[in-house]
C-alpha cells in the first residue's frame, strides 16, 4: 500500500495486500508459462481462426437470407456507406486542390502587391525628383536674366578636305 | 480503538455504494473545450487553444486502437490541459472508430492521406492563427509509429518529432511480438471474415498481455478507495478502457504484416503506395519517450528509433506503463520542457 494513504485498517491492510501480491505473482508466473508457449498460442490461433470463419459464414448466410427476402443486407448498407465515403474522399481532394490554389493565389497576390509597392515607390521617387527639378527650373526662371556678352564672330573653319 | 471487521465492512459498503452509483457510465472524458477544424472519414482534427500562446503549436497523432480522451481524461489528469496551461496550442488527430465502410482503407491512404492532410491542415491553421511558420509533432503508440513513417516521407511537415511509447523495433515488443507470429496468428482470416479488427478483440488481447491486470484493477480500487480522488480516476479509466475502437481491416493487415511480422521499420523492405518506407530519410530532430513499465511497447521497442531514424534522436524514460504514463505528471512536464527547448 502506498505510504501517503492513511488507512484505519492498520496491519490487516498490509497483510492482505502482501497476500494479494503473492497470489498475483504466483498466478502471473503460471500464466507466463502458458501465454508464451508456442503450442498454446498455436491452439488459440486455430480456435480464433475457426471462430472468425464461423462468424464470416454466419454473416454471409444472414445476407443471403435477407437477399432472398428482398431486404437490404449489411453488405448493401456497407456499399452505400462506402459510396458516401468515396464521395467524401473526392470532396476532400477538391478541398486540397482549392487550398493549394488559394496558397498559390496568395503567393501571387503577395508578389503582385510587392511589385505594386515597388512601382509606386519608384513613381514617388520620380515625382519627387520631378518636383525638385521643377522647383529648380522655377527658381532659375524667376532669377533676372544676366546681361549678355557681345558675341564675337569667329571665322568658319575651312574644310581641309 | 477501531474494530478491523467493522472497518472492512464499512469500506466494503462504501465500495458497493460507489459501484452501484454507476460511476463508469457517468464518467465524463475529454472535457477541455476545443473545436473540430477538419474531418476526414472517421478522423477529426481537434484544436485546443491556449489563453496565451507562448510556444510552437503541437500536433498530436493518437493511436487507432483507443479513443483520444486518454490525453484528456479528467481535470487534473489531462495532458492537453497541462500543455494549454503552458501556452502550447494543440492540434490533436483523433482517428475515430472505423465503420464497415472503412474496412478497405489501406495503410497508404491512412499515412499519405489522412495523417499527411491533418498535418497540413494543422500547419495552415497554426500559421493563420498564431503566425507560426512550423509546428512540432507528437505521436502516441501506433499513432507515433505511423507519424514517423509520414515524417520520413514528408519532413517539411514538422520542425521536430516526439514519439511516446511508439514501437519502432517491433520485434522487441515483448509478448505482443511473440503473439504476432505469422505461424500462429490468423491475420488474414480475421480481416477477410470480420472486415475491421474489432475493438473488443483488441481489448481482450491487451488484457491477456498482463493476466494479473484484471484482478489488480479491482484490488487497486479496494486498497486505495479512501485516497481522495482515486475512485473517480478509477471510474474514468474504466470508462476509457471500455470504449476501444475498430481498426480499419486492410490497414491493420498491412500494419501487422510489415511492422510485427517483418519488423520493416528497422529491417526495411517495405514499399507503401509504391514508395519505399525508409526512416533514414527522416532528418528532423526526434525525441523517443518510453514508459519504464510498458508491456505493450517496451523501452527497447521505442528506442529502436535511434537506429532507424536519419536525424538526431534523444531518448527519455518516464515512470508508468503504456497507459499510466498518460495520466501521471511526468509526461506533461517532459512535453513542456521539450516545447520550451524548442521555443
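The values are calculated or read from the model by the stated rules, or taken from the named source; none is laboratory data. The shown structure was predicted, so the numbers you read here are calculated from the model rather than taken from an experiment. No Cβ is skipped: glycine too gets one built from the backbone with ideal geometry, and neighbour counts run over all protein chains shown.
Would you confirm whether any residue within segment B:97-107 is away from every other protein chain (no Cβ under 13 Å), touching a strand residue (DSSP E or B) at 6+ places or on another chain (Cβ under 8 Å) and at pLDDT 95 or above?
yes
Would you mind finding the one in A:13, A:103, A:36 that is closer than 30 Å to residue B:219 by Cβ, surrounded by fewer than 14 Cβ atoms within 10 Å (Cβ to Cβ) and within 10 Å of chain B (Cβ to nearest Cβ)? Spell out how you get there, then give the answer.
Numbers: A:13 fails: surrounded by fewer than 14 Cβ atoms within 10 Å (Cβ to Cβ); A:103 fails: closer than 30 Å to residue B:219 by Cβ.
From the options A:13, A:103, A:36, the qualifying one is A:36.
Identify all residues within segment A:52-93 that are away from chain B (no Cβ under 11 Å) and under 30 Å from the mean Cα position of the chain (by Cα); write none if there are none.
A:87, A:90
Could you please find all residues in segment B:225-253 being surrounded by fewer than 18 Cβ atoms within 10 Å (Cβ to Cβ), within 13 Å of another protein chain (Cβ to nearest Cβ) and in a loop (DSSP other than H, G, I, E, B)?
Of everything in segment B:225-253, those that are surrounded by fewer than 18 Cβ atoms within 10 Å (Cβ to Cβ), within 13 Å of another protein chain (Cβ to nearest Cβ) and in a loop (DSSP other than H, G, I, E, B) turn out to be B:225, B:226, B:227, B:228, B:229.
Would you pick out the residues in segment B:192-214 that are touching a helix residue (DSSP H, G or I) at 6+ places or on another chain (Cβ under 8 Å), assigned to a helix (DSSP H, G or I) and more than 9 Å from chain A (Cβ to nearest Cβ)?
Answer for segment B:192-214, where residues must be touching a helix residue (DSSP H, G or I) at 6+ places or on another chain (Cβ under 8 Å), assigned to a helix (DSSP H, G or I) and more than 9 Å from chain A (Cβ to nearest Cβ): B:203, B:205, B:207, B:213, B:214.
Filter segment B:1-43 for residues that are surrounded by fewer than 15 Cβ atoms within 10 Å (Cβ to Cβ), assigned to a helix (DSSP H, G or I) and under 24 Å from the mean Cα position of the chain (by Cα) and give the result.
B:25, B:26
What is the number of the single condition among (1) within 13 Å of another protein chain (Cβ to nearest Cβ); (2) buried (at least 17 other Cβ atoms within 10 Å of the Cβ) that residue B:260 does not meet?
(1)
Restricting to segment B:159-179, what's the tally of residues that are modelled with pLDDT of 95 or more and surrounded by 24 or more Cβ atoms within 10 Å (Cβ to Cβ)?
Residues meeting the conditions: 9.
Please state which one of B:121, B:175 is over 24 Å from residue B:288 (Cα atoms), within 13 Å of chain A (Cβ to nearest Cβ) and over 16 Å from the mean Cα position of the chain (by Cα).
Working: B:175 fails: over 24 Å from residue B:288 (Cα atoms).
Answer to the check: B:121.
State the number of residues belonging to segment B:2-33 that are more than 14 Å from chain A (Cβ to nearest Cβ) and touching a residue at least 40 places away in the same chain (Cβ under 8 Å).
So the answer is 11.
Check B:130, B:91 and return the single one that is away from chain A (no Cβ under 11 Å), more than 23 Å from residue B:207 (Cα to Cα) and touching a helix residue (DSSP H, G or I) at 6+ places or on another chain (Cβ under 7 Å). Give the steps one after another, and end with the answer.
Numbers: B:130 fails: touching a helix residue (DSSP H, G or I) at 6+ places or on another chain (Cβ under 7 Å).
Unique residue meeting the criteria: B:91.
Taking the conditions exactly as written (part of a strand (DSSP E or B), away from every other protein chain (no Cβ under 14 Å) and touching a residue at least 24 places away in the same chain (Cβ under 8 Å)), does residue B:59 satisfy them or not?
yes
Under 24 Å from residue B:249 (Cβ atoms) and free of Cβ contacts under 8 Å to residues at least 60 places away in the same chain: does that describe residue B:116? Explain how you work it out, then say what you get.
Numbers: under 24 Å from residue B:249 (Cβ atoms): yes; free of Cβ contacts under 8 Å to residues at least 60 places away in the same chain: yes.
Spelling it out, residue B:116 is indeed under 24 Å from residue B:249 (Cβ atoms) and free of Cβ contacts under 8 Å to residues at least 60 places away in the same chain.
I'd like to check something: does segment B:180-189 contain any residue that is within 11 Å of chain A (Cβ to nearest Cβ), part of a helix (DSSP H, G or I) and buried (at least 17 other Cβ atoms within 10 Å of the Cβ)?
Yes, there is a match, as at least one residue in segment B:180-189 is within 11 Å of chain A (Cβ to nearest Cβ), part of a helix (DSSP H, G or I) and buried (at least 17 other Cβ atoms within 10 Å of the Cβ).
Return yes when residue A:22 is more than 23 Å from residue B:42 (Cβ to Cβ) and assigned to a loop (DSSP other than H, G, I, E, B) and no when it is not.
Spelling it out, it is not the case that residue A:22 is more than 23 Å from residue B:42 (Cβ to Cβ) and assigned to a loop (DSSP other than H, G, I, E, B).
Test residue B:65 against the stated conditions and say whether it is closer than 27 Å to residue B:271 by Cα, more than 14 Å from chain A (Cβ to nearest Cβ) and either modelled with pLDDT under 95 or part of a helix (DSSP H, G or I) (or both).
Judged against the criteria, residue B:65 is a match.
Going through B:203, B:280 one at a time, which residue ends up being touching a residue at least 12 places away in the same chain (Cβ under 8 Å), under 21 Å from the mean Cα position of the chain (by Cα) and more than 17 Å from residue B:15 (Cβ to Cβ)?
Sole residue among the options that is touching a residue at least 12 places away in the same chain (Cβ under 8 Å), under 21 Å from the mean Cα position of the chain (by Cα) and more than 17 Å from residue B:15 (Cβ to Cβ): B:203.
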